[in-house]
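What follows is calculated from the coordinates using simple rules that are stated; it is not laboratory data. Everything numeric here is computed off the predicted structure, so don't read it as measured data. Glycine gets a Cβ as well: all are built from the backbone with ideal geometry, and neighbour counts include every protein chain shown.
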Amino acid sequence: MPKAEETVLEIDLGALAHNYRFLRSKLDEDVKLLSVVKAHAYGSDSVAIAKKLEELGTDYFAVAYVEEGIRLRENGITKPVLVLHPQFTHFESIIEHCLEPNLYSERTLQTFIQTAEKLNLENYPVHIKLNTGLNRLGFDEPEISRISELITGTKRVKVASVFSHLAASEDWQEREFTVGQIDLFRKMSRQLIENLGYEPLLHICNTSGVINYPKAQFSMVRTGIGLYGYGNDKNIDPQLKPVGKLKTIISQIRKLDNGATVGYNRAFKVEKPTRIATLPVGHADGINRIYGREKAGVFINGKYAPIVGNVCMDIIMVNVTDIDCKEGDEVIVFGGPQHPVDFAEAGGTISYELITGIQRRVSRVIIPENKK
Ligand SMILES: *Cc1c(COP(=O)(O)O)cnc(C)c1O
């Protein structure tokens, strides 16, 4: 890889392939794998990622917004796409682009059926979300008979899958609660299937569900964060490879003496002769203020350089007093020598928030899988 000449997010499709195969290896034969590519594929590049996942053999995709699904279709993605959180105004464009809605309330179900009627469709694939304790989206247990009536009373839609979402699949302290969610899902989906007279796909596991609850795979799993290289678990993380690596360069280096201060609000005070490097990445790129004031740091020539003072909109300053480096040298913010989880934790957050927060103005550089 040529050295970065600006701030870039490298996206390693070889790492994606490795993670995909790792997750696949955890699944029983015949269990389908749905790849979650919402939020620009967790802050990377949804089209490049989805194309690679299609090549690797993913069975399904999921996005959050309809617009995200349309982008996949416009770029030639052909596998089914579940839209996790559609709004009414987009129901017609869902159909126009062969996307499949999650229907999670009587209001969404009825409106979607009406839309399908208006367009004279039959057996349009829809997904029914059951609430088993996350209390976010989904039908509650007492609603099963009512929705069964609505669905069996029309030929307009056909249930492609029934699913639910776990609240704490990564947390062993919550094991009992999670097992309760899985049991309730089994019970509710059975009731729904009996009423429908056919068996759609069933799925409840996200990445940590796949890892921690292997008996809850049902007929499909939905993996997001694991594909991007994170296992929500210190034992699993080393077996996965982070797909994203945020790189930048040193714009300027300056030497400062005692009494000088660095950056806005004079937040860093120099107490001994110090070398400071200025880097072209800031809170408008997703490196939030929380990482400043020496909470987190970057790597330069293999050495840790703490972020000093306040993070600016487009710039951070790092302390390179003890590092052999010069202007133009490459800097690794996360990925490579610094696991992104360690960077996220230094700022008191989680991998999901860090990687989805890298803004679109940072160029994405796709590194193809190295096929040996
Ligand atoms: C985002 C999301 C997922 C993916 O979860 P990971 O923890 O990233 O694997 C799965 N299901 C639903 C409903 C989601 O919103």
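Observations
- Only one residue of GLY244, PRO306, LEU137 has its Cα farthest out toward the positive end of the dipole of the chain, where Lys and Arg carry +1 and Asp and Glu -1 on Cβ, and that residue is PRO306.
- Amide H partners (placed H, <5 Å) of LEU103, local residues excluded: HIS127, ILE128, LYS129
- Set of the stretch 4-25 residues, backbone N closer than 15 Å to the point 7 Å along the Cα-Cβ line of GLU55: 11-21
- Fraction of alpha-carbon pairs over 25 Å apart in the stretch 189-301 - percent: 53 percent
- Partners for LYS303 among aspartates and glutamates (Cα-Cα distance below 14 Å; same-chain residues under 8 apart left out): ASP322, ASP324, ASP329, GLU330
- Simple label model, 7 Å out from Cα along Cβ direction - ARG289 to GLN110, nm: 4.6 nm
- Were the residues from GLU117 through GLU74 laid out at 0.36 nm apart, the gain over their Cα-Cα distance would be 12.9 nm.
- Neighbour counts of C-beta atoms inside 10 Å place THR78, THR274, THR261 in the sequence THR78, THR261, THR274, starting with the fewest.
- Put the Cα centre of the stretch 121-138 next to the Cα centre of the stretch 67-113 and the gap is 12 Å.
- Across the alpha-carbon atoms of the chain, the computed radius of gyration and Dmax are 23.7, 79 angstrom.
- The order of LEU56, LEU82, going from fewest to most other C-beta atoms within 10 Å of their C-beta, is LEU56, LEU82.
- Unit charges at the beta carbon, dipole of the chain: most positive-side option, SER105, LEU9, LEU201: LEU9
- Karplus-derived HN-Hα couplings along the stretch 311-316 (A = 6.51, B = -1.76, C = 1.60, θ = phi - 60°), whole Hz, x at Gly and Pro: 5, 8, 4, 10, 9, 10
- Derived scalar couplings between HN and Hα for the stretch 7-24 equal 7, 9, 10, 7, 10, 9, 5, x, 5, 4, 4, 4, 5, 4, 5, 4, 5, 4 Hz in order, rounded to whole Hz, by the Karplus curve 6.51 cos²θ - 1.76 cosθ + 1.60 (θ = phi - 60°), x for Gly and Pro.
- Rounded to the nearest 0.05, the FRET efficiency derived from the C-beta distance between GLN87 and ASP314 at R0 = 25 Å is 0.15.
- A cut-off under 9 angstrom between Cβ atoms defines the neighbours of LEU33, and their net charge, with Lys, Arg +1 and Asp, Glu -1, is +2.
- Charged-residue dipole, Cβ positions (Lys, Arg, Asp, Glu), the stretch 31-228 about Cα centre, Debye nearest 20: 220 debye
- Between the amide H of PHE334 and those of LEU246, distances stay under 5 Å, these residues lying 5 or more places away or on another chain, with hydrogens modeled in the peptide plane.
- The charge dipole of the chain, taken about its Cα centre with unit charges on the Cβ atoms of Lys, Arg (+1), Asp and Glu (-1) only, comes to about 560 debye.
- Net charge contributed by nearby residues that have their C-beta within less than 10 Å of TYR65 (K/R +1, D/E -1): 0
- Working from label points 7 Å from Cα in the Cα-to-Cβ sense, the LYS303 to GLU353 distance is 3.2 nm.
- Every Cα-Cα pair of the stretch 60-159 was included, and the share exceeding 23 Å stands at 23 percent.
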